[in-house]
Amino acid sequence: MMKFIVLVMAISAGFVRLSKDSSPAAFTQTAAQKYKNIQLFKELPATELDPTMAFISGSLGVRCNFCHVPTAFEKDDKPTKMAARRMIQMVFDLNKGSFNGESAVSCFTCHRGKSKPVSVPAIGQNLWAPTPPRKAESAPPSIDQILAKYVDAIGGVTAWEKVKSRITKGSRIGADEVLVPEEVYQKSPNKLVTITSYPEIVFTNGFNGTTAWGHSSRGGAQQLPPEVLNQLKNEAVFDKEINIRKSYTDLRVAGQEKIGERDAWVVIASPASGLPERLYFDAVSGQLVRRYVESKTILGRLPLQTDFEDFREVDGIKLPFLIRWSLPGRSWGRKVAEVKQNVPIEDSKFELPANRP
């Protein structure tokens, strides 16, 4: 459902609306039970409505207010909302009638990032032009060679094993490009807390080694969707960079692609559950420079791309000082200012604020 929220960062970016209800029943609600005037998504789990709306927004290249009244999303005042309902039903009917219920056709099939579908073929492609001969490609490296080069590029196993804690301070780059303070605390083997401080609210997400949690300075403890809890737990693994194999059940080399002007080896990484991911390793430096994942929504697959940039050495290991997350129609990031490692961090730091001593 929401595995595109790989690092849980989208929560504090405002992409996911968290519930104050911490009961298990909060995640068995349907969209119709939780929200007003739901017509086509009545039986959709309420936790899946936000990513479904993000899919529509990215497919049409529009913001929420294209269809919704900003202060009253339940109202049907805008003709575009009524048109959207008709188009969504058309997609459902087409997939059911012609594609055995599979999401073969989606909003993006016709819209391609524009509010009005393009119905006229584009000019500029000459299908009868001679095709130049393809250059002979050298044999790709093995997955073992790619991972070994990556570990060497980030400093090697010995250097990483010496680090047992990390405090990262910097800024969250919002989708509106406004920077706000952000701190990340990590402790081996699997503790993590991220604190994002907006002017009027502070979001905190953490994993204490056993339990994952979310907290808002306005609403207190926040119930996180189960998939987000799992992602937070996986992200908390301190040495995951030197143990990529442990995160996936299968890894295979799928060829080479361009990331900007640089070549990158593409590795298809299959997790124990969910869709396969694509990991991009710089062909020269060996660094992991991109991660691409998709999640299923009722309308189609929603992609999330994570780009790692500006690698700097800290205590013998290399870390990205700029991370960018991108969804269709939205991007945000983290700009690191300083990193301190092997500093004492009390275990209480990783507890839900309300439960701290």
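Of everything listed in (1) in contact (Cβ under 8 Å) with a residue 60 or more places away in the chain; (2) of a type outside the set (V, I, T); (3) open to solvent by 80 Å² or more (accessible area, probe 1.4 Å), the single unmet condition for G113 is (3). Candidates are the residues of the stretch 343-357 that are of a type outside the set (K, R) and surrounded by 13 or more Cβ atoms within 10 Å (Cβ to Cβ); the one that is farthest from T52 (Cα to Cα) is I345. Restricted to the stretch 274-322, and to residues there that are open to solvent by 30 Å² or more (accessible area, probe 1.4 Å), in a loop (DSSP other than H, G, I, E, B) and in contact (Cβ under 8 Å) with a residue 40 or more places away in the chain, the residue that is farthest from E183 (Cα to Cα) is I298.
Of a type in the set (S, T, N, Q), surrounded by 19 or more Cβ atoms within 10 Å (Cβ to Cβ) and within 24 Å of T196 (Cβ to Cβ): does that describe S331? Judged against the criteria, S331 is not a match. The residues of the stretch 88-102 that are part of a helix (DSSP H, G or I), under 27 Å from the mean Cα position of the chain (by Cα) and not polar (S, T, N, Q), listed by number, are I88, V91, F92. Can you say whether F41 is modelled with pLDDT of 60 or more, in contact with a Leu (Cβ under 7 Å, 6 or more places away or on another chain) and in a loop (DSSP other than H, G, I, E, B), as far as the supplied structure shows? Spelling it out, F41 is indeed modelled with pLDDT of 60 or more, in contact with a Leu (Cβ under 7 Å, 6 or more places away or on another chain) and in a loop (DSSP other than H, G, I, E, B). Restrict the check to the stretch 203-210 and report whether at least one residue is free of Cβ contacts under 8 Å to residues at least 40 places away in the same chain and either within 20 Å of V343 (Cβ to Cβ) or open to solvent by 50 Å² or more (accessible area, probe 1.4 Å) (or both). Yes - at least one qualifying residue is present in the stretch 203-210. Give me the residue from the stretch 246-269 that is under 22 Å from F207 (Cβ atoms) and under 18 Å from the mean Cα position of the chain (by Cα) and, out of that set, least open to solvent (accessible area, probe 1.4 Å). Once the filter is applied, the top-ranked residue is A269.
Would you be able to tell me the number of residues in the stretch 176-214 that are closer than 23 Å to P344 by Cα and outside any strand (DSSP E or B)? Qualifying residue count, the stretch 176-214: 7.
If you go through the stretch 173-191 and keep only what is of a type in the set (D, E) and open to solvent by 80 Å² or more (accessible area, probe 1.4 Å), you end up with D176, E177.
Among the residues making up the stretch 103-138, those that are within 19 Å of I56 (Cβ to Cβ) and in a loop (DSSP other than H, G, I, E, B) are S103, A104, V105, S106, R112, G113, K114, S115, K116, P117, V118. Only one entry of S119, S197 meets the criterion of being hydroxyl-bearing (S, T, Y) and open to solvent by 60 Å² or more (accessible area, probe 1.4 Å), and that entry is S119.
Filter the stretch 219-245 for residues that are under 17 Å from Q186 (Cβ atoms) and loosely packed, with under 14 Cβ neighbours inside 10 Å and give the result. Matches in the stretch 219-245: K240 only. Every listed requirement among (1) exposed (fewer than 12 other Cβ atoms within 10 Å of the Cβ); (2) of a type in the set (F, W, Y); (3) touching a residue at least 12 places away in the same chain (Cβ under 8 Å) is met by F41 save one, (1).
The values are calculated or read from the model by the stated rules, or taken from the named source; none is laboratory data. Keep in mind that what you see is a predicted model, and the values were worked out from it rather than measured. For neighbour counting, all protein chains shown are included, and Cβ atoms are generated from backbone atoms with ideal geometry for every residue, glycine included. Heads up: the accessible areas ignore ligands, DNA and RNA and are worked out on the full protein's heavy atoms, side chains in. Shrake-Rupley method; radii C 1.70, N 1.55, O 1.52, S 1.80 Å.
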